[in-house]
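Student: Have a look at this one.
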Amino acid sequence: MRVPENWASVIRLASFTIADEARQKSFIAILIICALFILMVRGCYHGDYMMNGQVVDSAKIIIMVSKITFHIIAGGVLFLAALLSMRIFRRDRGDGTQSCILSKPVSRRQYVSGKILGLWVLLTAVMIVLHGIVFLITSVSANMVMPEFFSASIWCSLNVLFVVLTVLLLSMMMPDIAALLCVIGIGMIGVAADGVFAVRHSPIGQAMMQHDAPSDFSVWQIIYTVWPKLFGVQSFAASRIGAEGFGGPVFAVPILNVGIYCMIIGALLFWRFGKEDID
Amino acid sequence: MIELDAVTKKYGSLVAVDNVSFSVGAGECFALLGPNGAGKTTIVKLLLDFTRPTAGHLSLNGLSTTNAKSRAFVGYLPENHRIPTHLSGWQYLKRCAALLDIKGADADKQCQWAVTLTGMQGREHDKSGTYSKGMIQRFGLGAALIGRPKLLILDEPAAGLDPIGIRDIRRLLESLKKDGMTVFLNSHLLSEVEKICDNAAVIRRGRLMVRDKISSLVRDGDTLEDVFIRFVKEG
């Protein structure tokens, strides 16, 4: 089967991006450290856990530990995504790659698409490998096979795409480190908004609010409604691990939210790069 | 082959290229001359769609420069050419071939041809971090020749080269010219330009001063250098 000409260039550029990023010593070092860290989690699956003098069901513990590890890996990969994406345009410009590529019959759209695709595929693969290690640990050590880890990993790749697009866009308008900090800020505010929302809707929160003047449209509520729901996507993905399943359309909201953000930021990125002067 | 029609490029209040029009025909060896800051590199960047004109229209091979396909048969060597330090010259050439959809044995053949042509045999598998400026320039020229382009755009190709390197490039350009390749040369080495090119244009402060045959510009025992200085100083 022959790949259409436009896509062939994008795939070629994506493969160059993967090769350039994956060969970096810092990238390999981070990957090894993450794998070793995950292997250390093995110990959590053994032993008896007591709560209020009662032995807790080991299956519940395994699922809980797996979910916590899942969240740590997904968050770590998002940070790695921001680190890799923040320098990519500047480095390509500095080492002459950008002018070399764009002097060939390659459009700016293809160049940017290749960079996005390369980073996305590489980081998703990293996330799947790391989640795969957890899958192997639970399968071998705890004798509990949870293939949902892989589908959950794929759902989390939407967050990776969001971070890659956002950092690439911001790195054209501000110093690299500022772009990195902005994306970390977006993530932190999202987590805080989700936290405030969860507390307000908990029985304790409801009881506390009965004494205060009700204000349905507080700042946090607005932020919770419109902010990129990165943690929401992660929670949705994590909900697939174990026997829990997912709770219908409510959980589709974060996917839709981040998906729409990806489309908007992607469009802005293509538009902005189209206006860039190439050196 | 190359068409510039009333092209203007402004950077804020600075006019880098001011209403420039000229054309370069197929098989022509053309030199764009001008002092530093005259707008030569801006014109090259406009031709490759690295920057967009404020006004006017440019085309390559009959296609607007905004169309990526217009660069299908263009080889380009930038001023201060660079190669990513983790790549060898060979890997760099292979990447350039891949970008032109040249694969497999054909790509190897083309890369070998470019290495031989630029005299870089024996060093092609070394990392580019070990190359001198002149060697990087030679690999850059080799990369520009991959795919045997119809049009070669060279921005200061002799930068960083020793006298032997400059002579080698001149000989190479002469042979490419004989093969019918169109060459657009941006250079300060006027003695070399005089030996290689048939036609030249002089620009000053973004304005086209003259565009003619070199044989018509250089008369009565003058050199191209005398002509250049006259146009640049007297306007």
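Student: Between B:F184 and residues 5 or more places away or on another chain, which pairs have amide H atoms under 5 Å apart, with H built 1.01 Å from N, and which residues are they?
Tutor: HN-HN under 5 Å from B:F184: B:F30, B:L152, B:I153, B:L154.
Student: Let me ask something additional. Under the rule of -39500 (n - 2.57) per DSSP H run of 4 or more residues, summed and divided by the residues of chain A, what mean residue ellipticity at 222 nm is obtained, to the nearest 500 deg cm²/dmol?
Tutor: Calculated from helices alone, the mean residue ellipticity at 222 nm is -25000 deg cm²/dmol.
Student: Between B:K195 and B:S215, what is 0.36 nm times their sequence separation minus the Cα-Cα distance? Round to one decimal in nm.
Tutor: Additional length available on full extension: 6.1 nm.
Student: Can you give the mean number of other chain Cβ atoms that lie within 10 Å of the Cβ atoms in peptide A:103-115?
Tutor: The per-residue average across the peptide is 5.
Student: Can you flag which of B:K40/B:K94; A:K275/B:K213; A:K115/A:K229; B:K9/B:K213; B:K10/B:K94 are past 32 Å Cα-Cα?
Tutor: A:K275/B:K213; B:K10/B:K94
Student: Mind giving me the nanometre distance, one decimal, between the label points for A:F79 and A:V140, set 7 Å out from Cα along Cα→Cβ?
Tutor: Output for this residue pair reads 2.6 nm.
Student: Shape verdict for the protein assembly as shown, please, from the Cα gyration tensor: rounded (a/c under 1.5), prolate (a/b greater than b/c) or oblate.
Tutor: Taking the square roots of the gyration eigenvalues as a ≥ b ≥ c, the protein assembly as shown is prolate.
Student: How would segment A:5-274 be classified by its alpha-carbon gyration tensor: rounded, prolate or oblate, with rounded meaning a/c under 1.5 and the a/b versus b/c comparison settling the rest?
Tutor: Note, shape of segment A:5-274 comes out oblate.
Student: Give the average, rounded to an integer, of partner chain Cβ atoms located within 10 angstrom of each Cβ in A:7-20.
Tutor: Taking the mean over all residues of the peptide, I get 2.
Student: Tell me, what ³J(HN,Hα) does each residue in segment B:100-106 have, in order and in whole Hz, if you take phi through Karplus 6.51 cos²θ - 1.76 cosθ + 1.60 with θ = phi - 60° and put x for Gly and Pro?
Tutor: 9, 6, 9, 10, x, 5, 5
Student: Also, I was wondering about something else. Could you pull out every residue, at least 5 positions away or on a different chain, whose amide H is within less than 5 Å of the one on B:S88? Hs are placed 1.01 Å off N in the peptide plane, and Pro or chain starts have none.
Tutor: Result for B:S88 returns B:S128.
Student: Run the paramagnetic zone check for A:I68: 7 angstrom along Cα to Cβ, then residues of segment A:118-151 with backbone nitrogen under 16 Å.
Tutor: A:134, A:138, by backbone N distance to the label point.
Student: Compute the angle between helix A:176-200 and the longest alpha-carbon principal axis of chain A, please, reported from 0 to 90 degrees and rounded to the nearest 10.
Tutor: Roughly 30 degrees between the two axes.
Student: What ³J(HN,Hα) values, in whole Hz, does the Karplus curve 6.51 cos²θ - 1.76 cosθ + 1.60 give for segment B:59-70 when θ = phi - 60°, with x put for Gly and Pro?
Tutor: Couplings: 9, 10, 6, x, 10, 4, 5, 6, 8, 4, 5, 5 Hz.
Student: Can I ask one more? Give me a comma-separated list of calculated 3J(HN,Hα) values for segment B:156-170, in order, Karplus coefficients 6.51, -1.76, 1.60 applied at θ = phi - 60°, integers in Hz, x for any Gly or Pro.
Tutor: 6, x, 8, 4, x, 8, 7, x, 5, x, 5, 5, 4, 5, 4
Student: Here is a follow-up. Which of B:R171, B:R230 has the fewest other C-beta atoms within 10 Å, and how do the rest follow up to the most?
Tutor: The most exposed by this proxy come first: B:R171, B:R230.
Student: Still on this structure, please answer the following. Looking only at other chains, what is the average number of their beta-carbon atoms within 10 angstrom of each beta-carbon in B:73-84?
Tutor: If you average over the peptide's residues, the count of other-chain Cβ atoms is 4.
Student: Return the percentage of antiparallel bridges among DSSP beta bridges fully within the protein assembly as shown, rounded to the nearest 5 %.
Tutor: 60 percent
Student: Using the 10 angstrom Cβ neighbour count as an exposure proxy, how do B:L151, B:L190, A:L119 rank, fewest first?
Tutor: Ascending number of Cβ neighbours within 10 Å: B:L190, B:L151, A:L119.
Student: Starting from the amide H of A:V56, placed 1.01 Å from N in the peptide plane, find each other amide H under 5 Å away whose residue is 5 or more places distant or on another chain.
Tutor: A:Y49, A:M50, A:M51
Student: To make sure I understand, if each residue's beta carbon is the centre and we count other beta carbons within 10 Å, what order do A:S103, B:S132 fall in, fewest to most?
Tutor: Ranked by crowding around the Cβ, least crowded first: B:S132, A:S103.
Student: Any of B:K69/B:K177; B:K45/B:K150; A:K104/B:K103 with alpha carbons more than 20 Å apart? Name them for me.
Tutor: Cα-Cα > 20 Å for B:K69/B:K177; rest within.
Bear in mind that the values in this text are calculations on the coordinates, not laboratory data. Predicted model, so just to flag it, every value in this text is computed and none were measured. Every residue, glycine among them, receives a Cβ derived from its backbone with ideal geometry; neighbour counts consider all protein chains shown.
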